[in-house]
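Enquirer: Here it is, the structure in full.
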Amino acid sequence: MGQNMEHLRQLPACEETVLILAGDLACNIETIESSLRLLQQKFGAVFYVPGNHELWINKSDGLSSIHKFIAIIELCERLGIHTRPAFISEECAVCPLFSWYKENLFDGFTREKFDMPFDTQTMWPWDITGSGDTNDAQQSEIADFFQRLNSRRVSTAPATAVEALRQAEAEWKILQEGQTVSSRRANKKVHNKAPTVISMSHFVPRQECYPGPRRLCGVMGCREIETQIRNLGATCHVFGHSHIACDRMLDAIRYLQHPLGYPTDYHRKVKPIRAFGGDAISHAVDISKAPLATVGKLILQEIARDPGKLREPARTSTRKVDAW
Ligand SMILES: [Fe+2]
């Protein structure tokens, strides 16, 4: 068993907590399923988007990465894992955004300058890319395809949240210019009933959120993610992919990456971090002191007795969520 799977098994059960899982869980679909089942048992609800590693395919089976993407979304539906936007309380909604990367994320970056193979284990049909190069994952049409999948969730975002973000953006700009906010907002209606929207994507939405090697700048994310975040009225965005931790405010939105990563990663974070509903650091769970989760142990014991149990439908979320 891998160290990360063992880590998941040892997470304490937190049934009042909603987990935001920003992808790159595994390549193998059986491992994706067993990991999601495990997390489903630990948390009250799990929101998830597939990353690039999930879309690696075994070329001998003849299926494309689009087939695998759809299979994973269907798996999530079956397990009760959330890939669609939903309110987790009256005050807070979570909106998963599907995404990919293209060369437009960084100012001045072009693929010609830093061309390198990446995600060649994926396969993309002509109907998505319009080209015959099925293994070139850096074709911009792939990011455009995933962006279009988000259209409905973006167009139906809570209007009060969108308006509240516009106001926060204006205030942020005023603060950046060194003026006081109070003098400018005197006649403005404050949207104190707007819900908090937390968006999530696997890929990086802004160049400021990736301080890593230049050669990877073309495979980190794309600017369209940022546009969709702001059109959702999100005030916090959770992302993954780079394995580099990030927690910073930019133009009135908090950008958060809290990577588990590989066991050898420098930025590895073994304690979850809270994005909403309390202090971000003090509520983090110290798994080194936590007892082994009894529910997880019981499941493992049951599976050991009857391996067929692994394929049974998972429980649905204990935490009530409502579509927005
Ligand atoms: Fe990734």
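The values are calculated or read from the model by the stated rules, or taken from the named source; none is laboratory data. Keep in mind it's a predicted model, so treat the numbers as computed, not measured. Cβ placement follows ideal geometry from the backbone for every residue including glycine, while neighbour counts extend to all protein chains displayed.
Enquirer: Just to be sure I understand the filter: pairs with C-beta atoms under 7 Å, separated by 6 or more residues or on different chains, first member in the stretch 10-26 and under 23 Å from Ile225 (Cα atoms) and more than 16 Å from the ligand (Cβ to nearest atom), second member assigned to a loop (DSSP other than H, G, I, E, B) and β-branched (Val, Ile, Thr). Which pairs pass?
Expert: So the pair list comes out as Val18/Ile88.
Enquirer: Can you give me the ranges of the strands (runs of 3 or more DSSP E) entirely in the stretch 1-99 with at least 1 residues that are touching an Asp or Glu at 6+ places or on another chain (Cβ under 8 Å)?
Expert: Working: elements: 14-21, 43-48, 92-96.
Filter on the stretch 1-99 gives 43-48.
Enquirer: Please work out if Ala86 is surrounded by 23 or more Cβ atoms within 10 Å (Cβ to Cβ), more than 16 Å from the ligand (Cβ to nearest atom), under 24 Å from Leu232 (Cβ atoms) and more than 13 Å from the chain's Cα centre (by Cα). Before the answer, list the steps.
Expert: On the way: surrounded by 23 or more Cβ atoms within 10 Å (Cβ to Cβ): no; more than 16 Å from the ligand (Cβ to nearest atom): yes; under 24 Å from Leu232 (Cβ atoms): yes; more than 13 Å from the chain's Cα centre (by Cα): yes.
Considered against the rule, which asks whether it is surrounded by 23 or more Cβ atoms within 10 Å (Cβ to Cβ), more than 16 Å from the ligand (Cβ to nearest atom), under 24 Å from Leu232 (Cβ atoms) and more than 13 Å from the chain's Cα centre (by Cα), Ala86 comes out as no.
Enquirer: Scanning for something touching a Lys or Arg at 6+ places or on another chain (Cβ under 7 Å) and either modelled with pLDDT of 90 or more or within 14 Å of the ligand (Cβ to nearest atom) (or both), does the stretch 265-281 turn up at least one residue?
Expert: Residues of the stretch 265-281 touching a Lys or Arg at 6+ places or on another chain (Cβ under 7 Å): 280.
Remaining after also requiring either modelled with pLDDT of 90 or more or within 14 Å of the ligand (Cβ to nearest atom) (or both): none.
Scanning the stretch 265-281 turns up no residue that is touching a Lys or Arg at 6+ places or on another chain (Cβ under 7 Å) and either modelled with pLDDT of 90 or more or within 14 Å of the ligand (Cβ to nearest atom) (or both).
Enquirer: So which of Arg153, Arg111 is out of contact with any helix residue (DSSP H, G or I) (no Cβ under 6 Å at 6 or more places or on another chain) and either surrounded by 14 or more Cβ atoms within 10 Å (Cβ to Cβ) or more than 30 Å from Arg319 (Cβ to Cβ) (or both)? Give the derivation first.
Expert: Values: Arg111 fails: out of contact with any helix residue (DSSP H, G or I) (no Cβ under 6 Å at 6 or more places or on another chain).
Residue meeting the stated conditions: Arg153.
Let's see how each residue does on (1) within 15 Å of Gly221 (Cα to Cα); (2) touching a Phe, Trp or Tyr at 6+ places or on another chain (Cβ under 9 Å); (3) of a type outside the set (S, T, N, Q); (4) at pLDDT 95 or above:
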site	(1), (2), (3), (4)
Ile66	no, yes, yes, yes
Cys76	no, yes, yes, yes
Glu90	no, no, yes, no
Leu97	yes, yes, yes, yes
Trp100	yes, yes, yes, yes
Leu105	yes, yes, yes, yes
Lys113	no, no, yes, no
Met116	no, no, yes, no
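Enquirer: Moving on to the next point. Name the residues in the stretch 34-78 that are more than 23 Å from Trp124 (Cα to Cα) and either within 14 Å of the ligand (Cβ to nearest atom) or not polar (S, T, N, Q) (or both), would you?
Expert: If we filter the stretch 34-78 for residues that are more than 23 Å from Trp124 (Cα to Cα), which is where we start, we get 34-47, 77-78.
Within the stretch 34-78, Leu36, Arg37, Leu38, Leu39, Lys42, Phe43, Gly44, Ala45, Val46, Phe47, Glu77, Arg78 qualify.
Rundown of residues vs (1) at pLDDT 95 or above; (2) within 16 Å of the ligand (Cβ to nearest atom); (3) surrounded by 13 or more Cβ atoms within 10 Å (Cβ to Cβ), yes/no style:
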site: Ala194; (1), (2), (3): no, no, yes
site: Ile198; (1), (2), (3): yes, no, yes
site: Val204; (1), (2), (3): yes, yes, yes
site: Gln207; (1), (2), (3): yes, no, yes
site: Pro213; (1), (2), (3): no, yes, no
site: Glu224; (1), (2), (3): yes, no, yes
site: Gly233; (1), (2), (3): yes, no, yes
site: Phe239; (1), (2), (3): yes, yes, yes
site: Arg248; (1), (2), (3): no, no, no
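Enquirer: Please indicate, with yes or no, whether at least one residue in the stretch 132-149 is modelled with pLDDT under 95, over 21 Å from Val49 (Cβ atoms), charged (D, E, K, R) and out of contact with any helix residue (DSSP H, G or I) (no Cβ under 8 Å at 6 or more places or on another chain).
Expert: Looking through the stretch 132-149, at least one residue is modelled with pLDDT under 95, over 21 Å from Val49 (Cβ atoms), charged (D, E, K, R) and out of contact with any helix residue (DSSP H, G or I) (no Cβ under 8 Å at 6 or more places or on another chain).
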